[in-house]
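Data block below; observations after.
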Amino acid sequence: MIDVNAITDLHRHAVKRWHAQPIDNPYEGFLAAVCDQHERNYRLWHQEDIARAVDIGDAELAEVKRRIDRLNQERNDRIERLDDLLIQRLGERGVAPEPAARLNTETPGSSIDRLSILALRIYHMREQAGREDATPEHRRKAKDRLVVLDQQHKDLSGALAELLEDIFAGRKLLKVYRQMKMYNDATMNPYLYGAKKPAA
């Protein structure tokens, strides 16, 4: 089985650590893949902040947008990788879905991605709640939002634990849904392969 607490601890500790030192990945096995995926969300978060700055020029903004696009593709690739690894582990354990097993609307990889983003949101919201240069109203609003975010994190991590339990017991079916994004594919995006550009 996969330990959801180990995943959420990784998310929380990595976000804190990476704000104080260079990004690292000291994990092994499935957790190393979780950390690799989490890193893309960490980098995306900060690039999205830069993209909204009012004091950067158009050329720099274009570069930031390209980095966001690349990181988002990497993020999605790594979500699929998490589900691939889980399917591999199911095969190694000889777990087969029951005849009546049903699909879930979200894969474990997608849930782990959402938990990663929640860890980032909670970290930065906690920063806002403790800002000494902010108004009491700002800090109170951030604290109120933290309560909601903490509950969301509790709900999602619990749901993921139940989903994984069902999958490894054969009660739920796990399939990897390839996103097959076309806009990053130089053979499918007409702006990249040189076809006539569609009208705006």
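The values are calculated or read from the model by the stated rules, or taken from the named source; none is laboratory data. Just so we're clear, the structure is a prediction, and the values are computed from it rather than from any experiment. Cβ: placed from backbone, ideal geometry, glycine included. Neighbour counts: every protein chain shown.
Six or more apart or on different chains, Cβ atoms under 7 Å: show the pairs whose first residue is in the stretch 30-51 and closer than 22 Å to L164 by Cβ and in contact (Cβ under 8 Å) with a residue 60 or more places away in the chain and whose second is hydroxyl-bearing (S, T, Y) and assigned to a helix (DSSP H, G or I).
Q37/S116; H38/S116; N41/S116
If I68 satisfies all but one of (1) among the aliphatic types (A, V, I, L, M); (2) modelled with pLDDT of 95 or more; (3) farther than 13 Å from A33 by Cβ, what's the number of the condition it fails?
The failed condition is (2).
Being in contact (Cβ under 8 Å) with a residue 60 or more places away in the chain, within 16 Å of the chain's Cα centre (by Cα) and surrounded by 14 or more Cβ atoms within 10 Å (Cβ to Cβ) is the requirement here; does R12 meet it? Show your work before the answer.
Values: in contact (Cβ under 8 Å) with a residue 60 or more places away in the chain: yes; within 16 Å of the chain's Cα centre (by Cα): yes; surrounded by 14 or more Cβ atoms within 10 Å (Cβ to Cβ): yes.
Here the answer is yes, as R12 does meet what is asked.
Does P108 qualify as being of a type outside the set (V, I, T) and over 27 Å from E39 (Cα atoms)? I'd like the intermediate steps shown before the answer.
Values: of a type outside the set (V, I, T): yes; over 27 Å from E39 (Cα atoms): no.
So P108 fails the test.
Has the stretch 128-144 got any residue that is modelled with pLDDT of 95 or more, within 24 Å of V34 (Cα to Cα) and among the basic types (K, R)?
Taking every residue of the stretch 128-144 in turn, none turns out to be modelled with pLDDT of 95 or more, within 24 Å of V34 (Cα to Cα) and among the basic types (K, R).
Restricting to the stretch 155-192, count the residues that are under 18 Å from the mean Cα position of the chain (by Cα) and loosely packed, with under 12 Cβ neighbours inside 10 Å. Break it down into steps so the answer makes sense when it comes.
Start the filter on the stretch 155-192 by keeping residues that are under 18 Å from the mean Cα position of the chain (by Cα), which leaves 155-161, 163-164, 176-181.
Then drop every residue that is not loosely packed, with under 12 Cβ neighbours inside 10 Å, which leaves 155, 158, 178-180.
Of the residues in the stretch 155-192, 5 are under 18 Å from the mean Cα position of the chain (by Cα) and loosely packed, with under 12 Cβ neighbours inside 10 Å.
Sort out which residues of the stretch 85-100 are surrounded by 14 or more Cβ atoms within 10 Å (Cβ to Cβ) and of a type in the set (D, E, K, R), and write them in order of number.
R89
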